[in-house]
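K.L.:
I have a structure here, written as structure tokens, and I will follow up with some questions on it.
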Amino acid sequence: MGDKSDVLQGTLDLMVLKTLESMGPLHGYGIARRIEQVSENALSLNQGTIYPALLRLEQRGWIKSEWGASETNRRAKFYSLSRLGRKQIEKEIENWERTAATMARFLAPSN
Amino acid sequence: MDGIRVLLARFSSLFHRRRLDRELEEELRSHLDFAIADHRARGLSDAAARTAALRTFGGVAQIKEGYRRQRGLPMFEILSRDFQYALRQLWKAPGFTITTVLTLAIGIGVNTAVFSIMDAIVLRPLALPDLDRVVTVAEEQGRGDYKQVAMANYQSWLQQSNSFEDLAIRSNATLSLSDAGEVQSVTAGYTSANFFSVLRATPLLGRVYDASECVPGKDNVAVLSFAFWNKHFGADASVVGRTIRMEDHVYSIVGVMQKSMQYPSTADVFLPLAPTAPQAANRTFHSYLVVGRLRAGVTVQQAQSEMRVIAERLASAYPASNQGWSAKVEPLLDKINGDYTPMYIRLVLAATGFVLLVVCANVANLQFVRGIARRPEIAVRTALGAGRNRLLGHLMMENIVLGLLGAVGGLMFAAISLHLCAISMPDRVARYVAGWSNISLNGRALAFSFAIAVGAGFVSGLLPALKALRINLVDQLKAGSRTTSGSRQTHRLRDMFAISQIAFSVLLVIGAALMCKGMWSMLHVANVYQPDQSLTFAVTLPESRYNSDEKMAAWYQTSLERLRGLPGVTHAEVTTALPRGEDSWSDNVGIENRPAVPGKFQSAAHLVVSAGYFQALHIPLVSGRVFNNSDTLRSQPVAIVSHRFAERYFPGDNPIGHRIRMGSAPDEKAVWMRIVGVVSDVNYEWVDREDAPAVYMNVAQLPPAYVNYLLTTTGKPLLLASSVHAALAGIDSRIALNAMQTYQQYLNESLTGLLYVAVMLTVDAGIGLLLAAIGIFGVMANTVAERSREIALRMVMGANPQDMLRMILQRAAILTGAGVVSGIVLATALARVSASLLFGVSPNDPTVFLSITAAITAIALLVSWGPARRAASIDPMRAIRTE
């Protein structure tokens, strides 16, 4: 795995966590759609890639999943933040802001 | 923390893969359904909505694959899949599998058994903590002549040394147990109170005694050893607080030791060592053993140099008793193991290792044949795209599975062998082998067998697997290809394996034969004494009742008279040590009117015998006279010396008439004795190749407390046992008669260890030989099968069956010859190296070498006879047609 995808991976993880924080329990399709909407379709995301990310977060114990019924009564797997995940969001945001700030300093026109 | 959580999650997923797959399937389906519904809501047709949904999702198959990789442990899953595949493959070839597993089981089993024995009695005979810091301290008289320690010297060491956390002292005694129905002897270890703390030994029940109880008058407490507690009290936990009666003293039992505390291994009970003031001040009575625990960071060498300085200081302070004495510090473990046991066990372990090599060679040969049979399978899988490494992984996994199955069988084999070892070991001998009762298939043995199983699987499988993969795909896939023959290179490898099997088995058989021959000569070395016709037993006279020379001498006189009166007894004598019994002890010799040279010591074996001893054992008198009835407690003490004694200490002189004394000067037992006779030499040891000088004293003049009785008989010696018991009980019913057996049995006991070595080497050799025979049979049978077409052609061209028979046998002879020659070279080299271990036989014994070479060659040709016959009876027409 190259560095580039690592950053992307971390980004996707944080997007998922943030989505679940603001929206409450949601199934995979809902999360993917929400991310697309928030990013105003600027992110060309293969919706499928959301699933390995969800599994990764679940293995870390940051989110949990449960089978339930959607509004249309379709059986689906719903994900929600765990207590550990709630705490983790703070750290992830901090990490991201530090990275973003560093990048911003690099990209700023030198004077 | 995070990593562990993820690993656990991944690991647990392995156990419900199927359910998780189903759930993933359903989850993705629901995702697509939602997407399709959304797209349709935006006005797309069913088909277009579906296409759009799939497009935005990305590759479903890739996502699933990535998800599964993320979910489980890919490496583990591949291994477990290979494992299952290997099991299936082996299940499909039961003949091959059973043969291979049995072969491996034998190899792994003998190795595990020998390892367990070595682990228990050499590596950790005492399962006590920090044993590497426990040392023994002995006194050293002159150079390399180690003696036990005098009490006052120990006290000085204790005060003056800094190297030790603590030093403890102990001695052994045989006591008779008075409250049992039949009189019984127990071995007591008298120890200082700190003995247990030095060894870090804690009691299993109750407590140990303390320093306030190591005082005369307060010392009536006893701690039982685990084995004695089991045997005598049936492991009754309520034993603490009860009493035990020994030598008319009542001791209250205060504790029971742990099983791991087997030092000294013979001790049945531990009693407080409570020296009287004169005993504590004695510097000449060398009869105690000292163990100490080194301070952390102090080496044996440092302790040794400190002790040497202290010994020098004592020598100048007490020149009369300590001049010429030094002290020797040695690790306790070395002391327990002695010189020979680790060497013998290593010898057996090496032989057993060779058996494993023969096993591996055999399995490799089986694998070669199987590899050839599997070519079509491998070709098909290669053609279907299986990578070389994956195939190699499969084949190696199969070998490792075989190894592990072999290990399971091997552990059973080892358990049976260890059980046989345990039940065939006499109790009387086992108690001298520290750690014997610890022998078991424990965790270390399991780990060992697991390791050699994987190793053996790997070693025996790698070359055949590499060979099996090197195939010509096109040839192989063509119909009617010749699937039965191997390449020239494969043949060469297989030949080499067969040769090395024969070589190793020649080595093993020659080694075992030399050992057995040595063993045989040692078993019969004492035949001149007619040991089959003699009964022996040991007696220790209790100090409390036999407290004077008069009482002891009277016992000996009366007991011998009664025994001589028994029907069937030709001689009844006593001696402190029997020839070849390894029971004699050496003592200092002083010669009258010949001042001792300081630092130069004269010593001889110290033996006390009854008057008829020399006649009973047919020991010829060289000059002078033997003991007779005129030698009594009131007459001048006399001594008889051995021929070598006369040669060494009276060269060119007649020793008769001179006076000598045994022991150190201030010792009250060291009386001047006049030499009245010289007798032929007798060897009292097994391993000493030359007879040590000996001095014989008369039991009627200097009666000892411990003797062996020796009765020569006209009938079967053991039939006399009950009449002997009755006769002696008539004099004193509380004297225990220990170890009643024939003299031959007594001799065999001192050879038990060697006997075990010889038996194990023979077993190794037998297995090696059997496997080598199977190996060469396999190679020859395969040669004939592969060459049947060629043989048929030759016969069509006019060769007759006799030629074919000769051709095959010739080939067998070449392989065998090469194996035997290299085996002899190996055996000669190894026999030279281990010559010192093989008593009673020379390492280059032409009879052994020649007969074994002939026997193994004959066996190899015999097993090749079958395949050769088959070659000769091939029907040319049919062979050519079937090809």
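K.L.:
Select from segment B:54-69 the residues that are in contact with a Leu (Cβ under 9 Å, 6 or more places away or on another chain) and more than 9 Å from every other protein chain (Cβ to nearest Cβ) and write down the one among them that is surrounded by the most Cβ atoms within 10 Å (Cβ to Cβ).
P.N.:
My answer is B:68.
K.L.:
Let me ask another. Confirm whether residue A:63 is in contact with a Phe, Trp or Tyr (Cβ under 7 Å, 6 or more places away or on another chain), among the β-branched types (Val, Ile, Thr) and buried (at least 16 other Cβ atoms within 10 Å of the Cβ).
P.N.:
yes
K.L.:
A further question follows. Exactly one condition in (1) more than 8 Å from every other protein chain (Cβ to nearest Cβ); (2) in a helix (DSSP H, G or I) is false for residue B:43; which is it?
P.N.:
Here residue B:43 meets the rest and fails (2).
K.L.:
Separate question: Can you name the condition, by its number, that residue B:97 falls short on among (1) closer than 30 Å to residue B:350 by Cα; (2) of a type outside the set (Phe, Trp, Tyr); (3) under 27 Å from the mean Cα position of the chain (by Cα)?
P.N.:
So the condition that residue B:97 fails would be (3).
K.L.:
Which condition number in (1) surrounded by 15 or more Cβ atoms within 10 Å (Cβ to Cβ); (2) modelled with pLDDT under 85; (3) within 11 Å of another protein chain (Cβ to nearest Cβ) is the one that residue B:34 fails?
P.N.:
(2)
K.L.:
Search segment A:85-111 for residues that are under 18 Å from residue A:53 (Cβ atoms) and pair each with any residue that is of a type in the set (Phe, Trp, Tyr) when their beta-carbon atoms are under 7 Å apart and the residues are at least 6 apart or on different chains.
P.N.:
Filtered contacts from segment A:85-111: A:85/A:62; A:88/A:62.
K.L.:
Given the structure, is residue B:290 within 20 Å of residue B:162 (Cα to Cα), in contact with a helix residue (DSSP H, G or I) (Cβ under 7 Å, 6 or more places away or on another chain) and outside any loop (DSSP other than H, G, I, E, B)?
P.N.:
yes
K.L.:
Search segment B:662-702 for residues being aromatic (Phe, Trp, Tyr) and part of a loop (DSSP other than H, G, I, E, B), and hand back the single one that is modelled with the highest pLDDT.
P.N.:
Here is the first cut: in segment B:662-702, the ones aromatic (Phe, Trp, Tyr) are B:672, B:684, B:686, B:696.
Adding the requirement that they be part of a loop (DSSP other than H, G, I, E, B) leaves B:672, B:684, B:686.
Details: B:672: 90, B:684: 87, B:686: 71.
Filtering first and then ranking leaves B:672.
K.L.:
Then there's this: Keeping to segment B:787-814, report how many residues are closer than 15 Å to residue B:875 by Cα and touching a residue at least 60 places away in the same chain (Cβ under 8 Å).
P.N.:
The qualifying residues number 12.
K.L.:
In segment B:70-92, which residues are within 14 Å of chain A (Cβ to nearest Cβ) and part of a helix (DSSP H, G or I)?
P.N.:
Passing the criteria: B:70, B:71, B:74.
K.L.:
In addition: What strands (runs of 3 or more DSSP E) completely inside segment B:601-661 contain at least 3 residues that are within 25 Å of residue B:582 (Cβ to Cβ)? Reasoning before the result, please.
P.N.:
Values: elements: B:603-609, B:621-624, B:638-642.
Result: B:603-609, B:638-642.
K.L.:
Return yes when residue B:12 is assigned to a helix (DSSP H, G or I) and either under 17 Å from residue A:59 (Cβ atoms) or facing chain A (nearest Cβ under 9 Å) (or both) and no when it is not.
P.N.:
Values: assigned to a helix (DSSP H, G or I): yes; either under 17 Å from residue A:59 (Cβ atoms) or facing chain A (nearest Cβ under 9 Å) (or both): yes.
Spelling it out, residue B:12 is indeed assigned to a helix (DSSP H, G or I) and either under 17 Å from residue A:59 (Cβ atoms) or facing chain A (nearest Cβ under 9 Å) (or both).
K.L.:
Next question. Residue by residue through segment A:34-59, note down the ones that are charged (D, E, K, R) and surrounded by fewer than 19 Cβ atoms within 10 Å (Cβ to Cβ). Walk me through how you get there before you give the answer.
P.N.:
Filtering segment A:34-59 for residues charged (D, E, K, R) gives A:34, A:36, A:40, A:56, A:58.
Those that are charged (D, E, K, R) and surrounded by fewer than 19 Cβ atoms within 10 Å (Cβ to Cβ): A:34, A:36, A:40, A:58.
K.L.:
Provide a single number: the residues in segment B:201-221 that are among the small types (Gly, Ala, Ser) and either touching a Lys or Arg at 6+ places or on another chain (Cβ under 6 Å) or touching a residue at least 60 places away in the same chain (Cβ under 8 Å) (or both). Full working, then the answer.
P.N.:
Within segment B:201-221, the first condition is being among the small types (Gly, Ala, Ser), and the residues that meet it are B:201, B:206, B:211-212, B:217.
Then keep just the ones that are either touching a Lys or Arg at 6+ places or on another chain (Cβ under 6 Å) or touching a residue at least 60 places away in the same chain (Cβ under 8 Å) (or both); that gives B:201.
Number satisfying all stated conditions: 1.
K.L.:
Restricting to segment B:212-248, give me the number of residues that are touching a Leu at 6+ places or on another chain (Cβ under 7 Å), closer than 16 Å to residue B:274 by Cα and among the small types (Gly, Ala, Ser).
P.N.:
1
K.L.:
So, of the residues in segment B:298-323 that are outside any helix (DSSP H, G or I) and within 34 Å of the chain's Cα centre (by Cα), which turns out to be farthest from residue B:159 (Cα to Cα)?
P.N.:
B:299
K.L.:
Of everything in segment B:83-106, what is over 21 Å from residue B:366 (Cα atoms) and surrounded by 14 or more Cβ atoms within 10 Å (Cβ to Cβ)? Give them in sequence order.
P.N.:
In the first step, residues of segment B:83-106 are kept if they are over 21 Å from residue B:366 (Cα atoms); the result is B:84.
Passing the criteria: none in range.
K.L.:
Follow-up question, since we're still on this one. Pick from B:751, B:771: which is modelled with pLDDT under 90, closer than 30 Å to residue B:105 by Cβ, out of contact with any Gly (no Cβ under 6 Å at 6 or more places or on another chain) and not small (Gly, Ala, Ser)?
P.N.:
Sole residue among the options that is modelled with pLDDT under 90, closer than 30 Å to residue B:105 by Cβ, out of contact with any Gly (no Cβ under 6 Å at 6 or more places or on another chain) and not small (Gly, Ala, Ser): B:771.
K.L.:
Continuing with this model, one more query. On the given criteria, is residue B:379 modelled with pLDDT under 85, crowded, with 16+ Cβ neighbours inside 10 Å and touching a helix residue (DSSP H, G or I) at 6+ places or on another chain (Cβ under 6 Å)? Let's see the steps before the verdict.
P.N.:
Working: modelled with pLDDT under 85: yes; crowded, with 16+ Cβ neighbours inside 10 Å: yes; touching a helix residue (DSSP H, G or I) at 6+ places or on another chain (Cβ under 6 Å): yes.
Here the answer is yes, as residue B:379 does meet what is asked.
K.L.:
Continuing with this model, one more query. Looking only at segment B:542-591, filter to residues that are in a loop (DSSP other than H, G, I, E, B) and in contact with a Lys or Arg (Cβ under 8 Å, 6 or more places away or on another chain); which one of those is nearest to residue B:708 (Cα to Cα)?
P.N.:
B:542
K.L.:
Quick one: in segment A:57-82, which of the residues that are touching a residue at least 40 places away in the same chain (Cβ under 8 Å) and polar (S, T, N, Q) is nearest to the other protein chains (Cβ to nearest Cβ)?
P.N.:
A:70
The values are calculated or read from the model by the stated rules, or taken from the named source; none is laboratory data. It should be emphasised that the depicted structure is a prediction, and the values quoted were computed from it without experimental measurement. Because the Cβ atoms are built from the backbone with ideal geometry, glycine has one as well, and the counts that use them run over all protein chains shown.
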